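The values are calculated or read from the model by the stated rules, or taken from the named source; none is laboratory data. The shown structure was predicted, so the numbers you read here are calculated from the model rather than taken from an experiment. Every residue, glycine as well, gets a Cβ built from its backbone with ideal geometry; the counts of neighbours run over all protein chains shown. Quick note on the areas: whole protein, heavy atoms, side chains included, nothing else; ligands and nucleic acids left out. Shrake-Rupley method; radii C 1.70, N 1.55, O 1.52, S 1.80 Å.
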Amino acid sequence: MPLPFFSSTVPSIKDRCRDDSATKLRLRYAPYYHAIEGQVGTAIRLQGRDMVMLASNDYLGLSFHPKVIEASRAAISKWGTSPTGARVSNGSRSYHLDLEEKLAAFLGKEACHIHAAGYLSCLSSVSAFAQKGDTVLVDKNVHSCLWEGIRLSSANIERFAHNDPADLRAVAASLPEASPKLLVVEGVYSMEGHIAPLSGLLEATSEFECFTVLDDAHGFGVLGRQGRGTADHFGLTGRVDIICGSLSKSLASTGGFVSGSRASIEFMRTHGKQTLFSAALSPGQTGAAAAALEVMQTEPEHHARLWENTRTYKAMLNGLGFDTWGSDTPAIPIVIGDKQRAYAFWQALLEKGVFTVLSIAPAVPPGKDLIRTAISAGHTDSQLDQIASALAYAKKKAL
Ligand SMILES: Cc1ncc(COP(=O)(O)O)c(C=O)c1O
């Protein structure tokens, strides 16, 4: 029996799960974990009603492309449903190597490695390279997967202000010269839709050797020639050491990639725990991504339509006077600035058949509570009209 002064008031893990206030709040308002009941492209069925999806990351609208679906089916027929093992042991297949070669060539890098999730790829892009004693210079707004990679690496962390080369320069100037350094940024920030000022950021670190990691989950397929991404957009592919990203956005699949020099990819395959000890990407997902990559290069109309839709949507939002946080890309937030009104706005859009994602603090900075929206090449003119009237309605009702 525990002595009284050792008996703890710390709740058990079971109590912690049952009594967690954040979970209770989430379940009460229920704006998350919606199970969509049916889908064809940007048309979805939710709660028994037909709606427009305005928050997917299927930027090029390829997830229902016949060639992508057929390639995924064919890969499963040929290879079964799963490689059931890690790449290092029993899980490597020739279809992995095919996609890796094609992605590396498309991105302008020597080599590439694909993982079963974008989260794993981006986390590994930091954790496999940074070590204790190194310093990671990181934009304070990067995605959770990069933060987790940084924490796992045990390197020192130096944050700089979002997209601010001058602050990066100031932070970098205060560091001891000897310690190896990594710069960690995103190409396009998913919540804000901002493009990283890559030239300025690389310039700010040009006085010392700095290993640069660029998470281009939201730039790939969107920026650059044929959608090669942010580094290509700026003509700086050769100056970025690692370009990582996701297959779950423009490539209409799931999984992720890490590309770089042959030496860096082989180093990650030797030292990256997530690369070594996690099962390989499944045949169906690899087949879909490979076909989508092919479509990106042979059917430029999807990229063109994405930007045409983005311009139309941006003009619509500007016309209604919304704050879009200066987004330059198809990922466009509508900043409401207050949790309750953001929730009411999100609900009013849902009432009018438009599905978006509510993002509130602490997921966004205080006062930036917002509705995350993302446009797709798949949105039709009539869906854009429906979105316009839903936005006008939500503005009237909730703001
Ligand atoms: C910037 C960024 N990096 C990485 C990821 C992880 O990709 P995935 O969802 O495919 O695992 C995401 C996902 O949203 C992301 O936004």
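Taking the criterion of being of a type in the set (S, T, N, Q), assigned to a loop (DSSP other than H, G, I, E, B) and either free of Cβ contacts under 8 Å to residues at least 40 places away in the same chain or surrounded by fewer than 19 Cβ atoms within 10 Å (Cβ to Cβ) (or both), would at least one residue in segment 40-53 satisfy it? There is at least one residue in segment 40-53 that is of a type in the set (S, T, N, Q), assigned to a loop (DSSP other than H, G, I, E, B) and either free of Cβ contacts under 8 Å to residues at least 40 places away in the same chain or surrounded by fewer than 19 Cβ atoms within 10 Å (Cβ to Cβ) (or both).
Scanning segment 209-221 for residues that are in contact with a helix residue (DSSP H, G or I) (Cβ under 7 Å, 6 or more places away or on another chain) and either part of a loop (DSSP other than H, G, I, E, B) or surrounded by fewer than 19 Cβ atoms within 10 Å (Cβ to Cβ) (or both) yields 216, 217, 219, 220, 221. When segment 115-163 is examined, which residues are found to be within 16 Å of the ligand (Cβ to nearest atom), among the aliphatic types (A, V, I, L, M) and closer than 19 Å to residue 193 by Cα? Answer for segment 115-163, where residues must be within 16 Å of the ligand (Cβ to nearest atom), among the aliphatic types (A, V, I, L, M) and closer than 19 Å to residue 193 by Cα: 138, 142, 146. In the condition set (1) within 11 Å of the ligand (Cβ to nearest atom); (2) within 30 Å of residue 179 (Cα to Cα), residue 220 is compliant with all but (2). Any residue at all in segment 328-341 that is open to solvent by less than 10 Å² (accessible area, probe 1.4 Å), more than 24 Å from residue 32 (Cα to Cα) and of a type in the set (A, V, I, L, M, F, W, C)? No, there is no match, as no residue in segment 328-341 is open to solvent by less than 10 Å² (accessible area, probe 1.4 Å), more than 24 Å from residue 32 (Cα to Cα) and of a type in the set (A, V, I, L, M, F, W, C). Return yes when residue 384 is on the phi < 0 side of the Ramachandran plot, surrounded by fewer than 21 Cβ atoms within 10 Å (Cβ to Cβ) and out of contact with any Leu (no Cβ under 7 Å at 6 or more places or on another chain) and no when it is not. Against the criterion (on the phi < 0 side of the Ramachandran plot, surrounded by fewer than 21 Cβ atoms within 10 Å (Cβ to Cβ) and out of contact with any Leu (no Cβ under 7 Å at 6 or more places or on another chain)), residue 384 qualifies. Could you tell me which of the residues 293, 281 is closer than 30 Å to residue 86 by Cα and not in a helix (DSSP H, G or I)? Result: 281 is the single residue among 293, 281 that is closer than 30 Å to residue 86 by Cα and not in a helix (DSSP H, G or I).
Considering segment 269-281, and only residues there that are more than 22 Å from the chain's Cα centre (by Cα) and open to solvent by 50 Å² or more (accessible area, probe 1.4 Å), the residue that is farthest from the ligand (Cβ to nearest atom) turns out to be 270. Taking every residue in segment 200-222 that is of a type in the set (Asp, Glu) and pairing it with any residue that is within 16 Å of the ligand (Cβ to nearest atom) and in a strand (DSSP E or B), at least 6 positions away or on another chain, the pairs with Cβ-Cβ distances below 6 Å are 215/186; 215/244; 216/243; 216/245.
When each of 328, 381 is tested for being more than 18 Å from the chain's Cα centre (by Cα) and either modelled with pLDDT of 95 or more or not aliphatic (A, V, I, L, M) (or both), the lone residue that passes is 381. Number of residues in segment 223-268 that are of a type in the set (A, V, I, L, M, F, W, C), within 11 Å of the ligand (Cβ to nearest atom) and assigned to a strand (DSSP E or B): the value is 2.
Please go through segment 145-166 and give me each residue that is open to solvent by 50 Å² or more (accessible area, probe 1.4 Å) and either in a helix (DSSP H, G or I) or within 14 Å of residue 211 (Cα to Cα) (or both), ordered by number.
Result: 148, 151, 152, 166.
For segment 116-126, residues that are open to solvent by 10 Å² or more (accessible area, probe 1.4 Å) and under 18 Å from residue 266 (Cβ atoms) total 1.
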